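Working notes, beginning with the structure itself.
The values are calculated or read from the model by the stated rules, or taken from the named source; none is laboratory data. This is a predicted model, so every value here is computed, not measured. With ideal geometry, Cβ positions are generated from the backbone for all residues, glycine too; neighbour counts draw on all protein chains shown. Side chains included, ligands, DNA and RNA excluded: accessible areas come from the protein's heavy atoms. Shrake-Rupley method; radii C 1.70, N 1.55, O 1.52, S 1.80 Å.
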Amino acid sequence: MSNSVSAIAAPWLTIIGIGEDGVAGLGDEAKQLVATAPVVFGGVRHLELAAPLIRGEGQVWQSPFERSIEAIVARRGSPVVVLGSGDPFLYGVGATLARRIDPSEMRTIPAPSAFSLAASRLGWALQDVAAVSLHGRPLDLVRPHLQPEGRVLALTSDANGPRALAELLTESGFGRSRITVLEALGGERERISRQVAADFALEEIHSLNVCAIEVIGEAHARVLPLACGLDDALFEHDGQITKREMRALTLSALAPRRGELLWDIGAGSGSIAIEWMLSDPAMRAIAIEASPERAARIGRNAASFGVPGLVVVEGQAPDALRGLPEPHVIFIGGGGSEPGVMDAAIAELRSGGRLVANAVTTEMEAVLLAHHARLGGSLIRIDIARASPVGTMTGWRPAMPVTHWSWTKA
């Protein structure tokens with residue numbers, strides 16, 4: 001019986017990282033590949049930097065970008081060169097192409113990334129720094145990284161990025177933070193300037209820039225602790241919020257795993273979905289909320305916590321669940337006693353998925369008791385009391401007890 005070995009296609013696509021030093025920064029092999037390529041794809045800046053070498057057809061990225069990806073895929077088997085900024089697989093075009101083209105069909109010659117260049121100029125160890133790309137992405141993504149005495153490297157979108165970042169730091173209580181703006185790294189126009197966020201006054205900034213932040217927080221700074229169960233006061237809410245202690249227990253039961261998708265049904269303030277997403281940058285969540293006012297509030301909370309990717313669906317479950325991506329995990333914090341909600345959630349949950357539901361009303365508790373009797377899982381009752389003034393003394397004031405059901409779908 002003969003073994004069958006699948007053939008691996010020879011690389012036809014070469015992805016070359018190019019820096020602001022242009023041709024001078026390319027090795028001999030990269031220069032030769034660019035010079036002999038029938039077609040070279042890249043941004044306007046990339047093609048200008050490599051212009052002295054390009055003899056074939058230069059193709060500027062199209063809008064939408066997917067059109068250029070299709071054009072590259074259509075040339076499969078013929079030599080193609082793609083130019084990208086720095087390391088093409090660090091927030092770059094390489095990762096995008098790898099979603100359509102097998103890595104065995106491509107070869108990459110990377111250049112130092114903007115993060116690597118910035119770290120080398122500052123003497124910062126990259127493994128000890130939070131590196132975040134804000135290029136074409138919301139500035140709010142930097143918020144979880146604003147930890148006292150921390151260091152952040154942030155790649156911005158344009159010349160306005162550093163000032164906008166300084167304003168965000170100042171309004172969040174980090175105005176004393178030091179910002180080093182590193183412009184056009186590696187090129188003739190490289191410039192390094194140091195500013196204090198609250199007094200930011202740098203003008204005529206190059207559109208290609210990295211901001212290095214040395215985080216200094218004031219007493220009122222909005223620091224997001226790294227543990228789950230964040231202070232309720234950090235959230236904008238109308239009382240419809242899973243309280244801090246219960247939220248910590250609930251998130252433990254939800255057991256986030258990297259890259260999973262959560263449905264937060266009856267999301268209220270969005271606190272569960274927000275903390276779920278804060279556990280890892282790869283986490284995803286959809287908050288389903290019937291109240292337009294609360295749905296808008298969830299969006300504001302998501303931005304202020306630095307997780308603008310939280311998807312908010314305004315609508316009443318179970319109807320609002322139709323057509324949503326299949327979840328790994330479901331949390332039901334509100335509306336679970338409404339007809340059809342629990343059944344729809346269980347039906348939509350994937351095999352091996354986890355469902356957690358909390359009840360403070362007798363109606364919802366009856367639903368959970370019935371589902372526990374039928375499906376099993378873990379059922380616990382949680383009573384929390386807080387110390388409160390009683391006249392001139394102090395006593396325990398009990399919160400409403402919570403019935404908590406967690407279950408894994410076979």
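Filter region 223-239 down to residues that are within 24 Å of V132 (Cβ to Cβ) and in contact with an Asp or Glu (Cβ under 9 Å, 6 or more places away or on another chain), then give me how many there are.
3
Rundown of residues vs (1) in contact with a helix residue (DSSP H, G or I) (Cβ under 8 Å, 6 or more places away or on another chain); (2) acidic (D, E); (3) part of a helix (DSSP H, G or I); (4) surrounded by fewer than 18 Cβ atoms within 10 Å (Cβ to Cβ), yes/no style:
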site	(1), (2), (3), (4)
I101	yes, no, no, no
R121	no, no, yes, yes
L153	yes, no, no, no
A159	no, no, no, yes
L165	yes, no, yes, no
G186	yes, no, no, no
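Here are some residues: G268, G229. Which one is in a loop (DSSP other than H, G, I, E, B), open to solvent by less than 20 Å² (accessible area, probe 1.4 Å) and farther than 23 Å from L324 by Cα? Don't jump to the end; show me each part of the working.
Numbers: G268 fails: farther than 23 Å from L324 by Cα.
Checking each option against the conditions leaves just G229.
Among what's in region 277-318 and is touching a Gly at 6+ places or on another chain (Cβ under 6 Å) and assigned to a loop (DSSP other than H, G, I, E, B), pick the residue that is least open to solvent (accessible area, probe 1.4 Å).
Across region 277-318, the extreme among qualifying residues is A317.
Against the condition of a type outside the set (S, T, N, Q), surrounded by 17 or more Cβ atoms within 10 Å (Cβ to Cβ) and out of contact with any strand residue (DSSP E or B) (no Cβ under 9 Å at 6 or more places or on another chain), how does G92 come out, does it pass? Don't jump to the end; show me each part of the working.
On the way: of a type outside the set (S, T, N, Q): yes; surrounded by 17 or more Cβ atoms within 10 Å (Cβ to Cβ): yes; out of contact with any strand residue (DSSP E or B) (no Cβ under 9 Å at 6 or more places or on another chain): no.
Judged against the criteria, G92 is not a match.
Every residue in region 319-357 that is part of a strand (DSSP E or B) and either more than 27 Å from the chain's Cα centre (by Cα) or among the small types (G, A, S) (or both), please.
Residues of region 319-357 part of a strand (DSSP E or B): 329-332, 354-357.
Selection gives A357 alone.
Could you count how many residues in region 188-226 are open to solvent by 50 Å² or more (accessible area, probe 1.4 Å), small (G, A, S) and under 28 Å from S279 (Cβ atoms)?
Final tally of qualifying residues: 1.
Yes/no per residue for (1) open to solvent by 50 Å² or more (accessible area, probe 1.4 Å); (2) more than 21 Å from the chain's Cα centre (by Cα):
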residue: V81; (1), (2): no, yes
residue: A98; (1), (2): no, no
residue: S104; (1), (2): no, yes
residue: A118; (1), (2): no, yes
residue: A125; (1), (2): no, yes
residue: D128; (1), (2): yes, no
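Please specify each residue of region 199-226 satisfying the condition of being under 27 Å from E183 (Cβ atoms), part of a loop (DSSP other than H, G, I, E, B) and of a type in the set (V, I, T). Walk me through how you get there before you give the answer.
In the first step, residues of region 199-226 are kept if they are under 27 Å from E183 (Cβ atoms); the result is 199-217.
Keeping just the survivors that are part of a loop (DSSP other than H, G, I, E, B) gives 200-208, 215-217.
Once the filter is applied, which keeps residues that are under 27 Å from E183 (Cβ atoms), part of a loop (DSSP other than H, G, I, E, B) and of a type in the set (V, I, T), region 199-226 yields I205, V215, I216.
L369: open to solvent by 50 Å² or more (accessible area, probe 1.4 Å) and not in a loop (DSSP other than H, G, I, E, B), yes or no? Before the answer, list the steps.
Working: open to solvent by 50 Å² or more (accessible area, probe 1.4 Å): yes; not in a loop (DSSP other than H, G, I, E, B): yes.
Yes; evaluated as a whole, the condition is true for this residue.
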